[in-house]
Amino acid sequence: MKLHLADVHLHRARLFHDRTALAAARKLIDETGYERRRGELDDAQCRLDGRAVVLPAFESVLAQARGENLPEPPPATDPTP
């Protein structure tokens with residue numbers, strides 16, 4: 001139930017620019033380890049503080065999900081002397 005309550009506080013903070021709700025959401029998220037909402041929490045904090053939010057490029061996120069544009073693995077070495 002605490003996860004649902006954290007969602008409610010987070011939505012209130014974002015919709016109504018409510019710092020009290022944001023603090024309550026942060027407390028519940030930290031307390032429960034609800035990392036799924038950490039990005040939204042940081043985004044809401046940035047918006048309330050008037051800072052710009054930098055998100056990754058959409059294409060790069062999709063490419064990573066497909067396994068594209070990943071660094072090359074190191075070359076294999078021969079274990080025999």
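The values are calculated or read from the model by the stated rules, or taken from the named source; none is laboratory data. Keep in mind that what you see is a predicted model, and the values were worked out from it rather than measured. With ideal geometry, Cβ positions are generated from the backbone for all residues, glycine too; neighbour counts draw on all protein chains shown. Ligands, DNA and RNA are stripped out before the accessible areas are found, and what is left, the full protein with its side chains, is counted by its heavy atoms. Shrake-Rupley method; radii C 1.70, N 1.55, O 1.52, S 1.80 Å.
For this structure, a couple of remarks:
- Yes/no for Arg36 being in a loop (DSSP other than H, G, I, E, B), open to solvent by 100 Å² or more (accessible area, probe 1.4 Å) and of a type in the set (D, E, K, R): no
- So Arg51, is it assigned to a helix (DSSP H, G or I) and either surrounded by 13 or more Cβ atoms within 10 Å (Cβ to Cβ) or at pLDDT below 90 (or both): no
- Per-region count, the range 1-33, residues outside any helix (DSSP H, G or I) and of a type in the set (Phe, Trp, Tyr): 0
- Some residue of the range 18-32 being at pLDDT below 65, of a type in the set (Asp, Glu) and surrounded by fewer than 11 Cβ atoms within 10 Å (Cβ to Cβ): no
- Every pair of residues 6+ apart whose Cβ atoms lie under 8 Å, when the first sits in the range 23-46 and is closer than 16 Å to Arg12 by Cα while the second is hydroxyl-bearing (Ser, Thr, Tyr): Leu28/Tyr34
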